[in-house]
Each structure stands twice: as C-alpha cells, then as structure tokens.
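The values are calculated or read from the model by the stated rules, or taken from the named source; none is laboratory data. Everything numeric in this text was worked out from a predicted model, so none of it was measured. We place every Cβ from the backbone using ideal geometry, glycine too, and count neighbours over all the protein chains shown.
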Amino acid sequence: MNGIWHKVLRKFLADRTGVAGLAVVLLYFLTALGVWCGWWGTDWADLSGGKWEPASADHWFGTNIIGQDIFSRAIHATSTAFEVGVVVAVLATLIGGVLGAFAGFFAGSWIDELLLWVMNVLDAIPFYLFVAAVAYSLGGSAYAMHVAMVTSFWIGTARLVRGEVIKLRSIEYIEAAYAIGLSRLRIIFRHILPNTSHILLVQASIAFVSAIKAEVILSFLGIGIRDGMSWGLMIEESTKEVLAGFYNNFLAASLLMFGLVMAFNALSDALQDAMDPRKVA
C-alpha cells in the first residue's frame with residue numbers, strides 16, 4: 001500500500017498544472033485561515049470610506065455603495081467559501097462512501113434496493129428547488145444550505161463506491177476474512193472502504209468545487225449565506241452598481257471565485273490522473 005501511495009505522489013508531483021493548482025488552493029486556504037484566526041478581513045462590515053471610492057492604498061479594491069471596503073469583504077468571503085466547501089465535501093464524501101459500501105457489499109439484497117431507491121428519488125428532485133424546500137422546512141437556519149448540499153452530493157460518491165465494492169467483495173482477501181470469522185461490519189470498514197480511498201479523495205475534491213459554486217448561486221438568489229459575507233452576495237450587490245458604471249464588487253468576487261475554482265479543478269484532474277488504478281498498479 002505504501003508503495004502505491006509513493007507512486008501516486010510521484011506521478012502527482014510530475015504534473016506541473018496539478019502542483020500549481022495545489023499552490024493556489026493553499027494560498028486561498030491561508031487567506032481563509034487568517035480570517036478564522038482574526039488576522040484580517042474582520043472589518044468587512046465597517047463603514048470605512050465614502051461611496052464607490054476607487055482602488056487606492058487605503059482600499060485596494062475600492063469601496064461599495066455605503067463605503068465598506070471591498071477587499072475586506074472579498075477576503076472574508078474566501079473563508080465562507082472554504083467553510084462551505086470543506087464541510088459539504090467531508091460530510092457528503094463520508095456519507096456517500098459508507099452508504100455506497102453497504103449498497104455494494106449487500107448488492108442484490110433489500111439494503112441495496114432501498115439505498116438505490118433513495119438515490120433515485122433524490123436525483124429526481126431539482127437541486128435548487130430542493131434547497132429552497134429545505135431552507136423553508138428548517139425555518140431559515142444558517143445550515144439549511146449545508147444540509148441540502150450534503151443530501152444531494154453524497155449520491156454520486158455512493159454510486160461510484162458501490163460499483164467498486166461489488167468488484168472488491170469477490171477478491172480473495174475478502175473471502176479469507178470471511179473464513180477467519182470477521183464480522184461484515186469489520187470487513188466493510190477495515191478491508192473494503194480503505195481500498196476505495198482513491199475514489200473518495202477525488203470525489204471530495206469535486207464536491208468541494210461544486211459546493212462553492214452552488215453556495216455562490218444560492219447566496220445570489222437569496223437562499224444561501226445570510227449572516228456573513230459571500231462572493232454570491234457581493235455579485236448580487238454589484239447588480240445595482242454595474243448599471244452605475246462601478247464594477248469593483250463584481251470583478252473582485254468573480255475573479256477570486258474563478259481563481260479558486262480553476263485551481264481546484266486542476267488539482268482534482270491531477271489527483272484523478274495520479275490515482276488511476278490502471279496507471280498506478
């Protein structure tokens with residue numbers, strides 16, 4: 001196993017685009033970490049300037065219509081994007097991995113049929129309609145968006161893991177585990193799920209990007225972030241400013257979001273290529 005991971009790391013480091021994507025993602029992460037630690041971006045709601053001031057040494061991206069610093073708002077929104085992306089990616093990947101493993105291990109049984117039915121039902125519901133319904137049912141909770149995303153995003157991971165587990169359960173070492181009397185739960189969590197780590201890692205990176213893009217759209221529509229700052233809220237605010245010829249809000253949010261999404265897509269593609277079992281084995 002260590003030899004395989006060594007090959008994966010070597011192949012990933014040979015991918016310059018993937019390494020560059022990782023460097024950019026780490027830069028965004030450090031920015032978000034600084035916000036969480038209170039080092040910067042804490043004055044995003046302060047009225048520190050005049051209306052629509054241009055970029056300057058005091059306000060690097062200028063100010064918005066009520067005099068708030070756009071740079072501080074964009075930096076604070078970076079932490080929001082990371083928080084949503086990490087929470088949704090981790091939870092959706094864990095849930096999808098576990099349920100997919102159970103579906104694959106018990107393929108053909110009532111457990112598999114039930115899980116497939118749940119996946120098909122959730123897949124049939126339009127995502128943004130589902131988010132609106134969840135937000136309404138949770139009474140405007142700050143975590144309604146997270147719940148809706150996790151509920152939707154685990155399905156793709158579960159389907160991939162299910163297919164992989166169906167192949168894994170017939171391998172000799174799984175039959176040997178049966179022979180020595182290991183329980184089914186121990187076989188699933190100790191011997192099967194670890195061998196789907198390549199799928200889980202790639203799916204987590206994809207879920208991270210999807211969550212950030214969904215959060216921006218939902219916040220723009222008014223059913224996402226409410227108590228805080230988001231790139232989506234900045235873009236929504238800019239719709240009133242663009243007509244007056246002021247583009248700083250729109251450009252700051254759009255370019256930062258574009259940079260993170262593109263970097264993570266490059267990282268995800270590099271990981272997927274490096275962890276391809278046909279090339280690693």
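Of 221, 193, 160, all but one fail to be at pLDDT 90 or above and either closer than 30 Å to residue 18 by Cα or over 18 Å from the mean Cα position of the chain (by Cα) (or both); the exception is 160. The number of residues in the stretch 203-244 being of a type outside the set (A, V, I, L, M, F, W, C), buried (at least 18 other Cβ atoms within 10 Å of the Cβ) and farther than 18 Å from residue 149 by Cα comes to 3. Of the residues 263, 244, 274, the single one that is modelled with pLDDT under 85, within 21 Å of the chain's Cα centre (by Cα) and of a type in the set (A, V, I, L, M) is 274. Close contacts from the stretch 209-232, counting a first residue that is within 21 Å of residue 262 (Cα to Cα) and a second that is not in a helix (DSSP H, G or I), with Cβ to Cβ under 6 Å and a gap of 6+ residues or different chains, come to 215/224; 218/224; 219/225; 219/230; 232/224.
Candidates are the residues of the stretch 163-176 that are assigned to a helix (DSSP H, G or I) and out of contact with any helix residue (DSSP H, G or I) (no Cβ under 8 Å at 6 or more places or on another chain); the one that is modelled with the lowest pLDDT is 175.
Taking the criterion of being among the acidic types (Asp, Glu) and either over 26 Å from residue 244 (Cα atoms) or touching a residue at least 12 places away in the same chain (Cβ under 8 Å) (or both), the residues of the stretch 37-87 that qualify are 43, 46, 53, 69, 83. Anything in the stretch 129-157 that is assigned to a helix (DSSP H, G or I), surrounded by 13 or more Cβ atoms within 10 Å (Cβ to Cβ) and at pLDDT below 85? List them, or say none. 130, 131, 132, 133, 134, 135, 144, 145 - these are the residues of the stretch 129-157 that are assigned to a helix (DSSP H, G or I), surrounded by 13 or more Cβ atoms within 10 Å (Cβ to Cβ) and at pLDDT below 85. Given the structure, is residue 90 among the aliphatic types (A, V, I, L, M), closer than 30 Å to residue 256 by Cβ and surrounded by fewer than 17 Cβ atoms within 10 Å (Cβ to Cβ)? Yes; evaluated as a whole, the condition is true for this residue. Criterion applied to 200, 160, 193, 185 was being in a helix (DSSP H, G or I), surrounded by fewer than 16 Cβ atoms within 10 Å (Cβ to Cβ) and among the aliphatic types (A, V, I, L, M), and the one residue passing it is 185. Would you check which residues across the stretch 33-53 are in contact with a Gly (Cβ under 6 Å, 6 or more places away or on another chain), crowded, with 16+ Cβ neighbours inside 10 Å and either within 13 Å of residue 78 (Cα to Cα) or among the basic types (Lys, Arg) (or both) and list them? Listed by number, the list holds a single entry, 35. Taken over the stretch 116-128, the criterion of being in a helix (DSSP H, G or I) and either in contact with a Gly (Cβ under 8 Å, 6 or more places away or on another chain) or loosely packed, with under 13 Cβ neighbours inside 10 Å (or both) is satisfied by 117, 120, 121, 123. Scanning the stretch 37-79 for residues that are under 25 Å from the mean Cα position of the chain (by Cα) and of a type in the set (Phe, Trp, Tyr) yields 39, 40, 44, 71. Exactly one residue out of 36, 40 is out of contact with any Pro (no Cβ under 6 Å at 6 or more places or on another chain), within 18 Å of residue 253 (Cβ to Cβ) and modelled with pLDDT of 80 or more, and it is 40. Is one or more of the residues making up the stretch 56-72 exposed (fewer than 15 other Cβ atoms within 10 Å of the Cβ), among the small types (Gly, Ala, Ser) and within 24 Å of residue 237 (Cβ to Cβ)? Yes, the stretch 56-72 contains at least one residue that is exposed (fewer than 15 other Cβ atoms within 10 Å of the Cβ), among the small types (Gly, Ala, Ser) and within 24 Å of residue 237 (Cβ to Cβ).
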